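First comes the structure, then the notes that go with it.
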Amino acid sequence: MPRPHKRRRVRGKPNSSYFKPAGIRLVDLNEIELSLSEFEAIRLVDLNEVSQTEAGAKMQISQSTLSRILSSGRKNIADAIVNGKAIKIENLKDLDGGCEY
């Protein structure tokens, strides 16, 4: 039996739910999905320049879990940029200034 999923705190809210290459219709693109955890990890570490230890504490997860989430999110973003895919941020409607899930 797997361990129960630990709730994660997400405080940042993206301004839009999709990002795509210019000049190509969304219906013509493959898309990758960026989880809220990946979004929040990238926002804290890469944008706000918070240490991974502090970011993990803010999200209420361990630093090693944050590192795995951050790596996955960066890989997804790189895939979208290099291969011309759209990026969809999941569960955007669930955020009202911050949430736990």
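The values are calculated or read from the model by the stated rules, or taken from the named source; none is laboratory data. Keep in mind that this is a model prediction, so the values were computed, not measured. Here the Cβ positions follow ideal geometry from the backbone for every residue, glycine too, while neighbour counts run over all protein chains shown.
Just need a number here: residues in the range 53-91 that are of a type in the set (A, V, I, L, M, F, W, C) and in contact with a strand residue (DSSP E or B) (Cβ under 8 Å, 6 or more places away or on another chain).
Restricting attention to the range 53-91, the residues satisfying the condition of being of a type in the set (A, V, I, L, M, F, W, C) are 55, 57, 59, 61, 66, 69-70, 77-78, 80-82, 86-87, 89.
So of that shortlist, the ones also in contact with a strand residue (DSSP E or B) (Cβ under 8 Å, 6 or more places away or on another chain) come out as 59, 77, 80, 86-87, 89.
So the answer is 6.
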Quiz prompt | For residue 30: the one exception among (1) of a type outside the set (Val, Ile, Thr); (2) without any contact (Cβ under 8 Å) to a residue 60 or more places away in the chain; (3) out of contact with any Lys or Arg (no Cβ under 6 Å at 6 or more places or on another chain) | solution = (3)
Practice problem: State which residue is nearest to residue 19 (Cα to Cα) when the search covers only the range 33-60 and only residues that are surrounded by fewer than 18 Cβ atoms within 10 Å (Cβ to Cβ) and β-branched (Val, Ile, Thr). | Solution: 50
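Out of curiosity, is residue 49 at pLDDT 95 or above and assigned to a loop (DSSP other than H, G, I, E, B)?
Details: at pLDDT 95 or above: yes; assigned to a loop (DSSP other than H, G, I, E, B): yes.
So residue 49 passes the test.
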